[in-house]
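Below you'll find the structure, written out as structure tokens, and then a few comments.
What follows draws every value from the coordinates through simple rules; no lab data is involved. Quick caveat: nothing in here was measured; it's all calculated off a predicted structure. Heads up, the Cβs are rebuilt from the backbone with ideal geometry, glycines too, and the neighbour counts pull from every protein chain shown.
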Amino acid sequence: MEKKKIAFINQRYGLEVNGGSEFYTRRMAEKLTDRYRVEVLTSKALSYEDWADHYTRDEETIRGVLVRRFPVSHRRQVFLMRLLGKMITGLHLNTKFLCDLWVRAQGPALPGLLDYIRKHGDEYEALVFVTYLYYPTVFGMRCAGKNTILIPTAHDEPYLYFKSHKDLFTSAGAILYLTDEEKQLVQNTFHNQSIPSFTAGLGVDLPLKVDQERFRSKYGIDGDYMIYTGRIDVSKGCDLMIEAYQQYCTDAKRNGQKPVTLVLLGQQFMDLPESDQIRYLGFVSEEDKFDAVGGAEFLWLPSQFESLSISVLEAMALGVPVLVNGNCKVLKGHCEKSRAGLYYTDRDSCLRELEKLTTDETSRKVMGNNGKNYIDEHYTWDVILDTFIKAVDAV
């Protein structure tokens, strides 16, 4: 029997693309090729900073997934975005017209994608739109029929309340949430309980071998270290993380202790201070990343806006405790349900939890074991894919 055909729609796609929803889309698409004929509809852009066309081919197959790429009609219009943002949020002019203009300015604007969905959308068992925020989802869902699944990756941020986005959450054929906290936020905001909904995160894939000594030797890392992986950006809370870390170092030295080194992995979008305790290693391979996380005392994720956090799940799967921003309900929920990490809500509580994680080895071991159990129970691929198939059947 011929496999049914589904398509994921995301703003970017590729092995070299770095981003949370993009990584989620790629892993889900690859894992579902045994069950469906999987396609991805996306842009030709590599960088979200300007959406400039990077890929030249209209179609290519990546790890069994047919990728259809559409050219971007204009670059990201940052000035217009900021102006419209101030009008929408500052002047409370939250109209669908202005919000649509903001979405177009943010991009990536893909009129060719919209034409394709109008002509061919009904050929797919399901059109799966990943992340609510961007042009492909906002305007693509308006062109589609009832066979739509929205994976919103939503968190409590001003953009969620833009009028452009309301229709997404009230007209989708089904919604697949990544966490219970995300589902509660969306349903409380849009009162869309009548739409079929499902909850499933992402399966965690670990390499066959994780070797922290290989990482230490390659990058010259000695002694204990904590780690951050991801985009190094103010929007991710990294500025506040650095400030708290510097205070932690000052306190540790005052108490006669050697500070635990902070290792940063990822693309840098903000200035970093000169410090012997802070090691910035840039964007590294998957092998290096897993080796690095596996050898860390704990992983620190300071972001206030996360809808799942793959980096936290990977750390837990490796038996590494986590320290997270408790103002993010999803991250706080991971810690409370797993008992595999600590969370903070302000600078003082952050410093207290840093002190505990850097000095209490017994607690770290207990949290590490708890994290492995949490992943085994909730984030295996069998559990995730079974739930996804139910969402497809619903539309």
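Computed quantities for the displayed model
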read-out	value
The chain, relative contact order in percent, only Cα pairs under 8 angstrom and at least six apart counted	13
Whole-Å semi-axes of the range 231-323's equivalent ellipsoid (Cα gyration tensor)	21, 16, 14
Farthest toward positive dipole pole in the chain [+1 Lys/Arg, -1 Asp/Glu at C-beta], among Gly326, Tyr248, Thr89	Thr89
Dipole of the range 21-148, positive direction: furthest Cα of Gln106, Tyr48, Ser73, with charges on the beta-carbon	Gln106
Alpha-carbon Rg with Dmax, taken over the chain, Å	21.4, 70
Dipole in debye (nearest 20) - the chain, about Cα centre, beta carbon charges: Lys, Arg +1; Asp, Glu -1	980
Percent antiparallel among DSSP beta bridges (both partners in the chain, rounded to 5)	10
Base-10 log of normalised Debye intensity for the range 212-378 (one unit scatterer per alpha-carbon) at q = 0.09, 0.16 Å⁻¹	-0.26, -0.89
Fully extended contour minus Cα-Cα distance, from Leu208 to Thr359, at 0.36 nm per residue	51.4 nm
Label-point separation in nm, Thr199 to Tyr219, each point 7 Å along Cα→Cβ	3.4
Computed magnitude of the charge dipole of the range 212-378 (debye, nearest 20; Cβ of K, R +1, Cβ of D, E -1)	260
Within the range 292-353: Cβ-based charge dipole about Cα centre, in debye rounded to nearest 20 (Lys, Arg +1; Asp, Glu -1)	160
Alpha carbon convex hull of the range 45-188, projected area averaged over orientations, nm²	9.3
Cross-link pairs Lys236/Lys332; Lys4/Lys329; Lys96/Lys390; Lys3/Lys390; Lys86/Lys119; Lys5/Lys146 - those with Cα-Cα distance over 25 Å	Lys4/Lys329; Lys96/Lys390; Lys86/Lys119
Two-site label geometry, Asn94 and His74: point separation in nm, points 7 Å out along Cα→Cβ	2.6
Spacing of the two label points (7 Å from each Cα toward its C-beta) at Leu15 and Cys143, in nm	2.9
Two-site FRET efficiency, Asp276 against Thr345, from Cβ-Cβ distance with R₀ of 30 Å, rounded to 0.05	0.50
Span from the the range 259-273 Cα centroid across to the the range 112-174 one, whole angstrom	35
Packing rank of 338-351, 183-196, 307-320, 120-133, where each peptide gets the mean count of other beta carbons within 10 Å, highest leading	307-320, 120-133, 338-351, 183-196
Top positive-direction residue, dipole computed over the range 212-378 with Cβ charges, set Ser363, Ala317, Ile278	Ser363
